[in-house]
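Presented below is the structure to which this report refers.
The values are calculated or read from the model by the stated rules, or taken from the named source; none is laboratory data. Note that the coordinates shown come from a computational prediction; the quantities given were computed from them, not determined experimentally. With ideal geometry, Cβ positions are generated from the backbone for all residues, glycine too; neighbour counts draw on all protein chains shown.
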Amino acid sequence: MRSCRDITALVSQGLDMKLSLGERLAIGVHVMMCSRCRNFQSQTQFIRKAAHRYTEQLQQQLDKKS
Amino acid sequence: MNTSNQLSEALLAEHRPVMFRYALLQLKDTELADDAVQETLLAAWQASANFEGKAGLRTWLIGILKHKIADHWRRSAREVVTAEFDQIDNDEDESDEDAFFMSNGHWNGGPTTWNDPEAALKQQEFWAIYETCQNNLPPKMAKVFMLRELVGLEAEEVCRETSLSDANYWVTMHRARLRLRECLEIRWFNQSKTKKEHRHA
């Protein structure tokens, strides 16, 4: 059984590369039982979305200024 | 002009959005960023006969772009407001992940459930907090995070840009996400929860 530290590291890696089937299964089984890692998973996806939105907004703000 | 190693305009244009975001984050000005990208594409077009290996095209382009950005700073007397990506030194803090987990690998504290994160995206105040949290990352970590998530480079490109090994990249991104997550939770999601409770009280 992998620890929360290992699972969240995998979740993070999964945002930047394709994980193996085994790794994806390990995450799936773990987050079914662990709400904190489940939260981590959805929150890191949210952070990615926020980062993209942040860049778009920065661009719009700067456009208005010039 | 039509030799086989001539880079096509279309091929160069593909990298335009990434280059623009890269320039924008450093120059903080859309017009200047646009100019820098334009100059880069022109220079790349003119030098394309010297370019070998299309696999590293974006790395090559960003190399040129960096020079254009440096030229801009040299020309202008303006103070450098933003932390320039290249000026950043190492700031490895090996112990910092330990605060998030206990020695057995279980969460120390750890993520609570966030109430309606989508709604936060629509609130001005949230973006101020987001910016604070992002700026609070240690410089090197912030650079890696921004190159990946804001500029949109692939992981291996970020490694090349920052001379990080694969292993260090994964650790750095993981820590950046742990820190950002915690910061947003403390400064926004837990705060708004308290606010709402007060309102209903």
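Based on this model, can you work out whether residue A:58 counts as in a helix (DSSP H, G or I), more than 9 Å from chain B (Cβ to nearest Cβ) and either surrounded by fewer than 19 Cβ atoms within 10 Å (Cβ to Cβ) or among the hydroxyl-bearing types (Ser, Thr, Tyr) (or both)? Taking the combined requirement at face value, the residue does not satisfy it. Quick check on residue A:5: is it of a type in the set (Lys, Arg), in a helix (DSSP H, G or I) and closer than 30 Å to residue B:23 by Cα? No; evaluated as a whole, the condition is false for this residue. Total residues in the range B:27-61 satisfying the condition of being surrounded by fewer than 22 Cβ atoms within 10 Å (Cβ to Cβ), within 11 Å of another protein chain (Cβ to nearest Cβ) and in contact (Cβ under 8 Å) with a residue 24 or more places away in the chain: the figure is 2. The one condition from (1) free of Cβ contacts under 8 Å to residues at least 24 places away in the same chain; (2) more than 17 Å from residue A:48 (Cβ to Cβ) that residue B:154 does not meet is (2).
Among the conditions (1) charged (D, E, K, R); (2) in a helix (DSSP H, G or I); (3) free of Cβ contacts under 8 Å to residues at least 60 places away in the same chain, residue B:181 misses just one, which is (3).
Just to be sure, is residue B:98 over 21 Å from residue B:154 (Cα atoms), modelled with pLDDT under 80, part of a helix (DSSP H, G or I) and in the same structural domain as residue B:155 (by TED's automatic domain parsing)? When the stated conditions are applied, residue B:98 passes them. Does at least one position in the range A:10-21 carry a residue that is within 8 Å of chain B (Cβ to nearest Cβ) and either in contact with a strand residue (DSSP E or B) (Cβ under 7 Å, 6 or more places away or on another chain) or more than 30 Å from residue B:33 (Cβ to Cβ) (or both)? Yes, there is a match, as at least one residue in the range A:10-21 is within 8 Å of chain B (Cβ to nearest Cβ) and either in contact with a strand residue (DSSP E or B) (Cβ under 7 Å, 6 or more places away or on another chain) or more than 30 Å from residue B:33 (Cβ to Cβ) (or both). The residue pairs whose first member lies in the range A:43-66 and is on the phi < 0 side of the Ramachandran plot and at pLDDT 95 or above, whose second member is surrounded by 11 or more Cβ atoms within 10 Å (Cβ to Cβ) and basic (Lys, Arg), and whose beta carbons are closer than 8 Å, counting only pairs six or more residues apart or on different chains, are A:43/B:181; A:44/B:177; A:44/B:181; A:47/B:177; A:47/B:181.
For the range B:12-26, the tally of residues that are facing chain A (nearest Cβ under 9 Å) and either hydrophobic (A, V, I, L, M, F, W, C) or within 10 Å of residue B:61 (Cβ to Cβ) (or both) stands at 3.
Identify all residues within the range A:25-47 that are under 24 Å from residue B:127 (Cα atoms) and out of contact with any helix residue (DSSP H, G or I) (no Cβ under 6 Å at 6 or more places or on another chain); write none if there are none. Matches in the range A:25-47: A:39, A:42, A:45.
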